[in-house]
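No lab work stands behind these numbers, since they all come straight from the coordinates. In this text the structure is predicted, and so the values were computed from the model without any measurement. Cβ placement follows ideal geometry from the backbone for every residue including glycine, while neighbour counts extend to all protein chains displayed.
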Amino acid sequence: MFFKKRKKDVSSNPFYKEKKSMKIYIECGRCGHVMEFRILNDRDLMVSYDGVSTYVIDKLYVCPKCYNQISVKAGFKESLKPTYVEINGGKFITKEEYEGKEGER
Ligand SMILES: [Zn+2]
């Protein structure tokens, strides 16, 4: 078997880890505009006391094209493995989908 790269399942884990941040790629649920956002680990991760997640994020993004609001909430274990992910107003896409759509413009 020669799998080049397993496709990332962005519905359960849309976060692309970098050194001190994570990137997410979102498609606007209203106009289809694709966006890239960076989550800064030391600024955006809040400590959680729910007993399941070590950190949580609660972000509200605005689509620059149609001003649709997209909310992203998620919890993480200490290893930054997501415990839950919620998105409203848009959907997560892969980095490859983002780069493909960006190139079309
Ligand atoms: Zn939009």
Checklist line | Distant alpha-carbon pairs in region 16-104 (separation over 21 angstrom), percent | finding: 32
Next item on the list: Just need the relative contact order of the chain here, percent rounded to a whole number, with Cα pairs under 8 Å and 6+ apart.
Entry: 27
Notebook entry, point to check: So how strong a dipole does the chain carry about its Cα centre when Lys and Arg Cβ are +1 and Asp and Glu Cβ are -1, to the nearest 20 debye?
Noted result: 320
Next item on the list: Rounded to the nearest 500, what is the 222 nm mean residue ellipticity of the chain from helices alone, with -39500 (n - 2.57) per DSSP H run of 4+ residues and division by all residues?
Entry: -3500 deg cm²/dmol
Next item on the list: Note the full-extension length gain between Asn68 and Asn88 as 0.36 nm times their separation in residues minus their Cα-Cα distance, in nm to one decimal.
Entry: 6.2 nm
